[in-house]
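Following: one structure in structure tokens, then a few remarks.
The values are calculated or read from the model by the stated rules, or taken from the named source; none is laboratory data. Since we're looking at a predicted model, the values are computed, not measured. Calculation scope for accessible area: heavy atoms of the full protein, side chains included, ligands and nucleic acids excluded. Shrake-Rupley method; radii C 1.70, N 1.55, O 1.52, S 1.80 Å.
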Amino acid sequence: YGEYHLAYCIHYIGDLSMPLHHTLPNAFNKKNHTKLDGIINDEVLNKLGKIKIYSIKIESEADLAKEIARIANLSMSLGYKIEQENRLLTREEAYAQISYSASLLKAILSYCEHVTR
């Protein structure tokens with residue numbers, strides 16, 4: 001069952017960088033949520049090089065909480081920006097967002113490896 005917990009964790013880490021998960025569930029969000037979820041789905045496995053891994057150091061649960069809040073705030077700001085501009089994410093924005101989650105996942109896995117030794 002441990003694999004299921006890891007899958008849920010990875011899912012929520014990915015959701016963290018989805019801008020409309022951090023905005024009000026208004027008409028814009030409801031209309032565009034599914035579209036944003038799938039904006040790069042068809043191509044991402046062929047364009048993994050577009051996902052950048054940033055250096056994130058997690059040494060405590062407090063560090064993790066701060067990083068989660070930082071990414072959530074970036075995502076929320078982008079969510080309200082695209083809502084104000086009445087548009088979807090660009091592919092470049094989508095890859096930038098997914099890069100935050102990929103970087104956080106790498107940092108979490110490194111932290112877990114460190115604390116279990």
Show which lysines lie in cross-link reach of K66 when reach means a straight Cα distance below 23 angstrom and same-chain residues fewer than eight apart are skipped. K52, K57, K81, K106
Please compute the volume of the convex hull spanned by the alpha-carbon atoms of the stretch 28-90 and report it per residue in Å³. 113 Å³
Averaging sequence separations of C-alpha pairs under 8 Å and six or more residues apart, then dividing by the length of the chain, give the relative contact order as a whole percent. 44 percent
Mean residue ellipticity at 222 nm from the helices of the chain, using -39,500 (n - 2.57) per DSSP H segment of n ≥ 4 over the full residue count, to the nearest 500 deg cm²/dmol? -22000 deg cm²/dmol
Of all the accessible heavy-atom surface of the stretch 53-117, with the other protein chains kept in place and a 1.4 Å probe, what percent is carbon and sulfur? 55 percent
For V115, what accessible area in Å² do you get when you roll a 1.4 Å probe over the heavy atoms of the protein chains, rounding to the nearest 10? 80 Å²
Could you give the alpha-carbon Rg of the chain over 2.2 N^0.38 Å, rounded to two decimals? 1.11
Solvent exposure, largest accessible area first (probe 1.4 Å, DNA, RNA and ligands not counted), of H11, H33: H11, H33
